[in-house]
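The values are calculated or read from the model by the stated rules, or taken from the named source; none is laboratory data. As the structure is a prediction and not an experimental result, all values here were calculated from the model. Don't worry about glycine lacking a Cβ; one is built from the backbone with ideal geometry, like all the others, and counts go over all protein chains shown.
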Amino acid sequence: MPVDTDPSPSEPTDLPAGWPRHWTIVGLGGVGGLYGGRLAASGADVRFLARSDVDHLRRHGLELRSPWGDAQVRDLAVAGAAAELGPSDVIVLATKTTDNARVVAQLGPLVGPSTAVLALQNGLGIEAPIAEALGVPVLGGLCFVCSAKEAPGVIVHQDYGLVTVGEHAAGGVAAGATARWRRSSPPSRPPASRCVRRRRSPWPGGRSWCGTCPTTGCRWSSTPGRTSCRPIPPPVRSSRR
């Protein structure tokens, strides 16, 4: 189903002081393409390491279709080998975990004195092998998002987008919100004027549905015949046992 987006998509903004200067996105699927493309569109220094479609991406860039606002990212810094890119402050690993042994073994040229890895992958226990292989701090990320690669250079984001991040520590000890975690976290939420306010129901027959605006975190509801946001009161928790 088509989705109406905010008529005033966000403009590129200056990133907060202390943010990593160089990002390398490894993998250009639904996850790497979405978050890497958004970083690039915001003005961050982002390079992409792709297994396929390198020539296409260099010629045509990356197209994002999203309820956050569509975007076309031109002049991508994209390569098929890590040696072509050089060291990076943050390596975002967004490939399939089944290929980690091969992929991680090729990432040596991306590692510098201040490099950290953010693993946005499925699976449990993936951080320790990455840390051992590269000798750098590793953060694990859990993405709650509906996004997919529809065609070469085309990422279709349907909904959601929250990323929960935590730093890996040996032995599974909780590391808390470390300085590295704070440095890799996004800026504050954009103003409510950027909220995705108009939507069509994705359910057959236009049944009622509700959710959370992926841009601002506002809760909203849509019913048949209504396509505008309306607030939903917070749930009331019963004290009965």
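So here's what we get for this one:
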read-out: Any hit, the range 175-197, residues being hydroxyl-bearing (Ser, Thr, Tyr), modelled with pLDDT of 90 or more and either over 15 Å from the mean Cα position of the chain (by Cα) or over 21 Å from Thr115 (Cα atoms) (or both); value: no
read-out: So Gly161, is it within 17 Å of the chain's Cα centre (by Cα) and within 26 Å of Pro67 (Cβ to Cβ); value: yes
read-out: Near pairs, Cβ below 8 angstrom, 6+ apart or cross-chain, from the range 122-141 (on the phi > 0 side of the Ramachandran plot) to any residue that is part of a helix (DSSP H, G or I) and not charged (D, E, K, R); value: Gly123/Thr97
read-out: Residue within the range 38-57 that is in contact with an Asp or Glu (Cβ under 6 Å, 6 or more places away or on another chain), assigned to a loop (DSSP other than H, G, I, E, B), modelled with pLDDT under 95 and over 21 Å from Thr95 (Cβ atoms) present; value: no
read-out: All positions within the range 1-37 that are hydrophobic (A, V, I, L, M, F, W, C), modelled with pLDDT of 90 or more and part of a loop (DSSP other than H, G, I, E, B); value: Leu28
